[in-house]
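The values are calculated or read from the model by the stated rules, or taken from the named source; none is laboratory data. Computed from a prediction, not measured in an experiment: that's the story for all the values here. As a convention, Cβ positions derive from the backbone with ideal geometry for all residues, glycine included, and neighbour counts pool all protein chains shown. For accessibility, only protein heavy atoms count, side chains too; no ligands or nucleic acids. Shrake-Rupley method; radii C 1.70, N 1.55, O 1.52, S 1.80 Å.
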Amino acid sequence: MTRVRGWLPGLLLVAPSIAAIAVFVYGMLGWNFRLAMTDKHDEVSEGGFVGLENFTGLWEQQRWHLSVNHALVFTAVFVGGALVLGWLLAFLMERGIRGEGTFRAIYLFPMAISFVATGVVWRWLMNSSTGERAVGLNRLLDGLGLEFLQWQWFRDPDWGMAAMAVPAVWQMSGYVMALFLAGFRGIPEELREAARVDGCTEWGVYRHVVLPLLRPVTLSALIILGHISLKAFDLIVAVSGKQIITDVPAVFMWVAVFDAHDPAKGATIAAYIVIAVSVFVVPYLVWSLRKERRA
């Protein structure tokens, strides 16, 4: 009874959360995978079990290949851009610039805005009109005499998804900056001084001391940005709507379920998104657990 009194109150406290997660997270995931393995391609039929037929058949559709390619381009530009810009901002903050608190708040402000609001604003900024009809960034370039830099932005057939990642980089780079800044400030100054005494230049201190110690922060930022990019939906729809030129798996899933009324296909696309996110998250969780056990 003494042992029971030790763990029972804590279990009762977290039991509602455990039950909610079991039903609304893992239960819904299981239901989605079950639906993806049926031939329920309309809203009225019962749907019979077909195994992995929907998963393999999806790769025969050109739109699926297009959406996957777009997602990969968006992920590469978004993750790479946010990591680089966030690191540079954190580096400037770490060097002790004047007005650090003000700049830090300004860089973090975009994170307080929803992706929908960001998309509405950036849809105007990335308007593809040029010349006298130009608005947004193209209008700014025209006013600066840089008309040759005017671009179709997200409407460009080749690099439209790279442009689509720009608003996401703008919104999340401040968050990445905060992560890296915490990492910078968590490195003991004694380690840097020891490296300088051993003859390291300032660049050598960052290369051999600071950057290796920032690997856990970099990994955390990579995981967070990666799973955000793979399930991107609201930003893309707010900017360009449900256009093929900016199609990604999440938008394709919405079209399959609510426009084409094909629940099985939508569930299959959702299952692939879950699997893709798991590729980022699961290794990170395993690494974190092993690190905690070693500690």
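A few remarks follow.
- In order along region 73-88, the Karplus-derived 3J(HN,Hα) couplings, from 6.51 cos²θ - 1.76 cosθ + 1.60 at θ = phi - 60°, round to 5, 4, 5, 4, 6, 5, 5, x, x, 5, 5, 5, 5, x, 5, 5 Hz, and Gly and Pro are given as x.
- Nitroxide proxy distance, nm - points 7 Å out along Cα→Cβ at F24 and E189: 4.7 nm
- Computing FRET efficiency as 1/(1 + (r/R0)^6) for S220 and S45, where r is the C-beta to C-beta distance and R0 is 35 Å, gives about 0.20.
- Amide H contacts for S129 (H built 1.01 Å from N in the peptide plane; partners 5 or more residues away or on another chain; cut-off under 5 Å): V135.
- In region 24-95, trypsin sites (Lys or Arg not before Pro) in a DSSP loop with at most 15 other beta-carbon atoms within 10 Å: R95
- For the chain, the fraction of alpha-carbon pairs in successive 10 Å shells from zero, as %: 6, 19, 25, 23, 16, 8, 2, 0, 0
- Computed log₁₀ I(q)/I(0) - Debye formula, equal Cα scatterers, no solvent, region 196-295, q 0.13 Å⁻¹: -0.66
- In order through region 54-68: 3J(HN,Hα) via Karplus (6.51 cos²θ - 1.76 cosθ + 1.60), integer Hz, x for Gly, Pro: 5, 5, 7, x, 5, 6, 8, 9, 5, 5, 5, 4, 5, 5, 5
- The chain, accessible area per residue, ligands and nucleic acids excluded (1.4 Å, Å²): 58 Å²
- Amide H contacts under 5 Å for T38, placed H, 5+ residues apart: V50
- Straight-distance crosslink candidates among aspartates and glutamates, where the alpha carbon sits under 15 Å from K265 and sequence neighbours closer than 8 are dropped: D39, D42, E43, E46, E53, E60
- Within straight-line cross-link reach of K242, aspartates and glutamates at Cα separation under 17 Å, skipping those fewer than 8 residues along the same chain: D156, D234, D259, D262
- The Kirkwood radius of region 102-186, taken over pairs of alpha-carbon atoms, gives through the Stokes-Einstein law at 37 °C and 0.692 mPa s a diffusion coefficient of 229 µm² s⁻¹.
- Local net charge near V217, Cβ-Cβ under 15 Å (Lys/Arg +1, Asp/Glu -1): +2
- Eigenvalues of the alpha-carbon gyration tensor of region 3-76, scaled by 5 and square-rooted, set the equivalent ellipsoid semi-axes at 39, 20, 9 angstrom, largest first.
- Here the label points at L12 and H261, each 7 Å from Cα along the C-beta direction, are separated by 5.1 nm in the simple model.
- Where the Cα pairs of region 27-176 fall when distances are cut into 5 Å bins, in %: 2, 8, 11, 12, 13, 13, 12, 10, 7, 5, 4, 2, 1, 0
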